[in-house]
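As structure tokens, the structure follows; a few thoughts come after it.
What follows is calculated from the coordinates using simple rules that are stated; it is not laboratory data. This is a predicted model, so every value here is computed, not measured. We place every Cβ from the backbone using ideal geometry, glycine too, and count neighbours over all the protein chains shown.
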Amino acid sequence: MAQATLLITSRNYSSWSLRGFLLARLSGLDFVARTISWDDPAAREELLLRSSSIRYPCLEHDGVRVWDVLAIAEYLNEIFPAAGMLPADRQARALCRSISGEMHSGFAALRASLPMNLKAYRPGFAIWSGPRADIDAIEAIWDDRIERSGGPWLFGATPSIADAMYAPVATRLRTYDVTLGAKGSAYMRHVLAWPDLVEWTADAASEPEEIAELEVEF
């Protein structure tokens, strides 16, 4: 029997749930993911970006409930320090936390204009100036990290908290047919081939429910 439960809202639409799942997998935690019913008003409001706070994913482990993906990341890193979720070097750890925090709290235009939808593919999608600025800023982070670390992950040979935080962006860029430069494209392909993300995407394909507000062509 699994030692922990990760409560999620949707595999297809929830970037936060995906981040929580990847973080739990990175840590090596024995867990099961359980989907909260979309009839739950709080879960639906979060998916539609209308909630004042994000309470899912929520990790239940050893009598503790932890929500917010950065809190989950720090909790798992504390419980499983040997998993290498943060880089060994102090400066690299600080940078990993910084760019993860930037993803957590920033890039609002990208979130609003290009919602995560793993089942969709929208070639030729119009990218306006707000989300384009966010995409350019994210690509600059990716390019700099790959240049400095040597890749294939943002901090070198193995994935970190930062890769889990930026993985949903890679899915958004694929969904909305966004073209990046050489380094960004190579990193994006690597993330999309991440076995844990491939597994999540396959499970999302069989998720029967749809949220009409997130299926609108806009």
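The chymotrypsin sites (Phe, Trp or Tyr not before Pro) of the stretch 99-139 meeting both criteria, a DSSP state outside H, G, I, E and B (loop) and at most 14 other C-beta atoms within 10 angstrom of the site's C-beta, are Tyr121, Trp128.
Roughly how big is the stretch 118-200's charge dipole about its Cα centre, with Cβ charges of +1 (Lys, Arg) and -1 (Asp, Glu), in debye to the nearest 20?
220
Of the residues Met116, Ala170, Thr158, the one whose Cα sits farthest towards the positive end of the charge dipole of the chain is Thr158 (charges of +1 on Lys and Arg Cβ, -1 on Asp and Glu Cβ, taken about the Cα centre).
Just to be sure I understand: of the beta bridges DSSP finds with both ends in the chain, what percent are antiparallel, rounded to 5?
Bridges in the chain are about 65 percent antiparallel.
Sorted on the mean count of surrounding Cβ atoms within 10 Å across their residues, most packed first, peptides 109-120, 18-29 read 18-29, 109-120.
Here the relative contact order of the stretch 90-200, from alpha carbon pairs under 8 Å that lie six or more residues apart, stands at 33 percent. Using C-alpha pairs under 8 Å with a sequence gap of at least 6, the mean separation divided by the residue count of the chain gives a relative contact order of 23 percent.
Quick test of the membrane-span-like rule: which DSSP H helices of the chain reach at least 20 Å along their long axis (C-alpha atoms) with mean Kyte hydropathy at least -0.5? The partial results should precede the final answer.
Numbers: long enough: 90-105 (22 Å, -0.64); 129-149 (30 Å, -0.74); 161-175 (23 Å, 0.32).
Span-like helices here: 161-175.
When you count the other C-beta atoms within 10 angstrom of each residue and take the mean per peptide, 10-16, 191-197, 160-166 line up highest first as 160-166, 10-16, 191-197. Its residue count N fixes a reference of 2.2 N^0.38 Å for the stretch 90-200, and the Cα radius of gyration divided by that reference is 1.01.
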